[in-house]
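The values are calculated or read from the model by the stated rules, or taken from the named source; none is laboratory data. Predicted, not measured: the structure shown is a model, and the values here were computed from it. Quick reminder, even Gly has a Cβ in these numbers, built from the backbone with ideal geometry, and neighbours come from all protein chains shown. Please note that ligands, DNA and RNA were not included when accessible areas were found on the heavy atoms of the full protein model with its side chains. Shrake-Rupley method; radii C 1.70, N 1.55, O 1.52, S 1.80 Å.
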Amino acid sequence: TVPRWLVRHIRRSDNSSYWKNGYQAIMVTDTSNFRNYAYHNMADKADTLDYYRMALVVDGLANTLSTLASE
């Protein structure tokens, strides 16, 4: 669920192809294009990413999905 104003931006994601073709897809986003000046331009390089925080997100998602699967 996202605010209406954000839908246009979310549709730019890779998931929009799935949605358009009737597949269900979950998008987890940190809205990087609103925070990372380098997102999707020539400066978009590995050293502009925060791998520590990305790992925290992955761990949190794994724990959440594991919990949901066991209920």
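A quick yes/no check of all residues on (1) among the aliphatic types (A, V, I, L, M); (2) in contact (Cβ under 8 Å) with a residue 12 or more places away in the chain:
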residue	(1), (2)
VAL7	yes, no
THR31	no, yes
ASP44	no, no
THR48	no, yes
TYR51	no, no
VAL58	yes, no
ALA69	yes, no
- Leading residue by the ranking (modelled with the lowest pLDDT) among those in segment 1-28 that are within 25 Å of ASP59 (Cα to Cα) and open to solvent by less than 70 Å² (accessible area, probe 1.4 Å): VAL2
- Message: Could you list, ordered by first residue, the pairs with Cβ atoms under 7 Å in which the first is in segment 15-26 and assigned to a loop (DSSP other than H, G, I, E, B) and the second is small (Gly, Ala, Ser) and open to solvent by 100 Å² or more (accessible area, probe 1.4 Å), at least 6 apart or interchain?
- Response: none
- Looking at segment 41-52, which of the residues that are at pLDDT 90 or above and assigned to a helix (DSSP H, G or I) is farthest from VAL28 (Cα to Cα)? ASP47
- Residues of segment 41-55 being of a type in the set (A, V, I, L, M, F, W, C) and open to solvent by 90 Å² or more (accessible area, probe 1.4 Å), in sequence order, are MET42
- Could you tell me whether any residue of segment 59-67 is over 18 Å from ASP14 (Cβ atoms), open to solvent by less than 60 Å² (accessible area, probe 1.4 Å), β-branched (Val, Ile, Thr) and assigned to a helix (DSSP H, G or I)? no
- Could you grab me the full set of residues in segment 30-40 that are closer than 18 Å to ASP14 by Cβ, in a loop (DSSP other than H, G, I, E, B) and open to solvent by less than 70 Å² (accessible area, probe 1.4 Å)? THR31, ASN36
